[in-house]
1. Using label points projected 7 Å from each Cα along Cα→Cβ, tell me how many nm separate residue 56 and residue 136, to one decimal.
2. Once you have all Cα-Cα distances for the stretch 101-144, histogram them in 10 Å bins from zero and send the whole-percent values.
3. Take the Cα gyration tensor of the stretch 40-142, multiply each eigenvalue by 5, square-root it, and list the three semi-axes largest first, rounded to whole angstrom.
4. Extension gain residue 155-residue 96, at 0.36 nm per residue separation less the Cα-Cα distance, in nm?
5. Pull up all non-local amide H partners of residue 93: gap of 5 or more, or a different chain, and H-to-H distance under 5 Å with H placed in the peptide plane.
6. In whole percent, what relative contact order does the stretch 98-183 give with Cα contacts below 8 Å and a gap of six or more residues?
7. Quote the FRET efficiency, to the nearest 0.05, computed for residue 63 versus residue 172 with a Förster distance R0 of 35 Å and r equal to the Cβ-Cβ distance.
Amino acid sequence: MIVLPRAKIASRDESAKLFRRSFLRVANFAACRRLSLMKASLLMRIAGGLSLFTCLGHTAGTFMPIPAEQPAVAAAFQLMQETLVPMPFGRPQSYADIFLGVNLCLMVQLLTYGLMLFVLSSRLTQDRTARLIAMFIALALTATAAISARYFFPLPAFCTALAAIAVALALAVSRRSLAMEHS
């Protein structure tokens with residue numbers, strides 16, 4: 001039989017201090033984990049809100065009437081309505097119809113991204129698939145921001161870029177919290 005040396009039995013006060021110290025470490029770890037979960041979730045919701053804000057602005061801009069003080073814009077839009085483009089299947093479409101269709105697609109895309117970011121916000125630290133979907137949404141938002149900056153005006157580019165950054169930060173925070181959990 002192997003006899004192990006007895007550990008020095010600490011006094012009751014020392015045992016209580018050691019227990020308190022250990023308990024506080026565990027509680028601190030749990031609090032840090034909750035905080036990082038909240039941060040990832042909050043960042044995802046901020047990104048979703050920015051995407052929905054951009055969707056709202058794009059929707060308003062698409063259906064706004066052309067101001068009367070811009071007759072050149074009205075003439076160009078009239079020409080877009082009159083010019084037909086042959087389609088591979090079906091009837092020819094006007095440039096105005098194609099323009100509206102592209103705008104509607106972008107509205108649906110931004111609405112879907114915003115809603116998906118809200119849904120994924122609670123699953124980001126638990127589900128690898130959620131992180132993968134969030135990464136693809138961040139890439140799509142980055143591309144949308146670059147296209148908006150090149151072809152449109154700064155506000156949608158700024159909002160979608162901020163949304164992509166918020167998703168990337170949420171992914172980094174959730175990854176760090178997962179690493180802390182497994183260590």
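FYI, it's all coordinate maths here, none of it is from the lab. Remember, it's a predicted structure, so these values are computed and weren't measured experimentally. Note: ideal-geometry Cβ built from the backbone for every residue, glycine included; neighbour counts use all protein chains shown.
1. Each label point lies 7 Å from its Cα, and together they span 2.8 nm.
2. Reading the bins upward from 0: 29, 50, 18, 3.
3. Working: eigenvalues 268, 61, 12 Å².
They are 37, 18, 8 Å, listed from largest to smallest.
4. On the way: separation 59, 0.36 × 59 = 21.24 nm, distance 2.36 nm.
Result: 18.9 nm gained on full extension.
5. HN-HN under 5 Å from residue 93: 85, 87.
6. 26 percent
7. Numbers: r = 38 Å, r/R0 = 1.08.
That pair, residue 63 with residue 172, gives E of 0.40.
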